[in-house]
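Read through the structure below, which is laid out as structure tokens, and then see the notes.
The values are calculated or read from the model by the stated rules, or taken from the named source; none is laboratory data. None of these values were measured; they are calculated from a predicted model. All Cβ positions, even for glycine, are placed from backbone atoms using ideal geometry, and neighbour counts span all protein chains on display. The protein model used for the area step is the full one, side chains on, heavy atoms only, and it has no ligands, DNA or RNA in it. Shrake-Rupley method; radii C 1.70, N 1.55, O 1.52, S 1.80 Å.
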Amino acid sequence: MSGTAEPYLASPSATLEILQRYGLHTQKKYGQNFLIDAHIPEKIREAAQIGESDNVIEIGPGIGTLTQFLAQKAGHVTAVEIDTHLIPVLEETLSEYEGIRILQGDILKLKPEELLSDGQGEGELKVVANLPYYITTPVLMWLLESDLPLSSCTVMVQKEVADRIQASPGSRDYGALSLAVQYYTEPREVLQVPPSCFLPKPNVGSSVVHMKLRNREERLPREEESRLFRVIRAAFSQRRKTLYNALRNREGALWTKEEIARSIAACGFREDVRGEALSLEDFIRLSGELG
Ligand code: SAM
């Protein structure tokens, strides 16, 4: 069991005090909007159902606000922070907690196995984060494609991204991100968070999304999975075009005109169907036909 210290950072005064003491300002280029309302990290932790043997990966701990809440309940927390100036801050704010590993680096440049450590417990591996919004999609894709044995990801994202994650075929928000997240996970929006809960206030609304990862057996074999995502990326690369034209005009000509037309017909889709009308199951069938 980790340290039992009480989290104390989730307020405007505590956040400003620590930033001033270290002579730091929040950095826009790193998407730094720190949580200053204690209800929110508490609810994030609740949604993630952190148990005492669980191993948590946190992306972007900032000054350690959410990390303190996670460390109170989890067996082990690995926190990856890009901003070198925040490392001494984290060493101070997390010093009362056990089972914490602070890694300085860019999450997108790390090897997934670097996030696993010897000190980890027997429990599940969960990602919990208030994500830096400028790289939300690449970070989500990195996590989903990482092959880490994750059981869930519970992350704060821009409200608009939460809408895209949960979108259904035919809606304006539906696209490659919706399909990828829904293929790998069962996503559920658990909380909407107003700008007033952050310092500084972001210009957008935020939402916490809980994504339960599907088992490997529920997914396609690796080669079919890569083909599926090649088809999805091609279908949405030119959103306003018909599916046929989007697949045909794809750079690097993945399929011949005949293969595309035959596969669309074999699935029973109209010739002028657009990618945005197809469900995940439709894309799986189409990708099987394209072979
Ligand atoms: N977890 C803190 C909280 O909730 O108050 C801070 C969240 S803040 C929205 C995002 C954090 O991600 C910042 O601390 C930022 O420096 C960090 N960050 C930005 N880009 C990153 C990257 N590529 N890899 C790791 N951390 C990153």
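Brief remarks follow.
- When the range 97-134 is filtered for residues that are within 24 Å of LEU199 (Cα to Cα) and either away from the ligand (no atom under 15 Å from the Cβ) or among the polar types (S, T, N, Q) (or both), the ones remaining, listed by number, are GLN104, ASN130.
- Among the residues of the range 24-33, just one is free of Cβ contacts under 8 Å to residues at least 60 places away in the same chain and open to solvent by less than 60 Å² (accessible area, probe 1.4 Å), namely GLN27.
- The residue list LEU286, LEU254, LEU220, LEU228 contains one member that is outside any helix (DSSP H, G or I) and at pLDDT 95 or above, which is LEU220.
- Scanning the range 71-85 for residues that are open to solvent by less than 10 Å² (accessible area, probe 1.4 Å) and either of a type in the set (Gly, Ala, Ser) or more than 9 Å from the ligand (Cβ to nearest atom) (or both) yields ALA71, ALA74, VAL77, THR78, ALA79.
- Here PRO194 meets each of (1) closer than 17 Å to ILE57 by Cα; (2) surrounded by fewer than 17 Cβ atoms within 10 Å (Cβ to Cβ); (3) not basic (Lys, Arg) with one exception, condition (1).
- The requirement of being hydroxyl-bearing (Ser, Thr, Tyr), more than 10 Å from the ligand (Cβ to nearest atom) and at pLDDT 95 or above is satisfied by THR93.
- Hey, ILE107 open to solvent by 40 Å² or more (accessible area, probe 1.4 Å) and closer than 21 Å to ALA79 by Cα or not: no
- One residue alone among GLN49, GLN20 is on the phi > 0 side of the Ramachandran plot and open to solvent by 30 Å² or more (accessible area, probe 1.4 Å), and that residue is GLN49.
- Filtered by the rule that a residue be over 22 Å from LEU70 (Cβ atoms) and in contact with an Asp or Glu (Cβ under 9 Å, 6 or more places away or on another chain), the range 179-192 gives ALA180, TYR183, TYR184.
- Scanning the range 43-70 for residues that are within 12 Å of the ligand (Cβ to nearest atom) and in a helix (DSSP H, G or I) yields ILE44, ARG45, THR65, LEU66, THR67, GLN68, PHE69, LEU70.
- The number of residues in the range 136-168 that are assigned to a helix (DSSP H, G or I) and either within 16 Å of the ligand (Cβ to nearest atom) or under 12 Å from the mean Cα position of the chain (by Cα) (or both) comes to 14.
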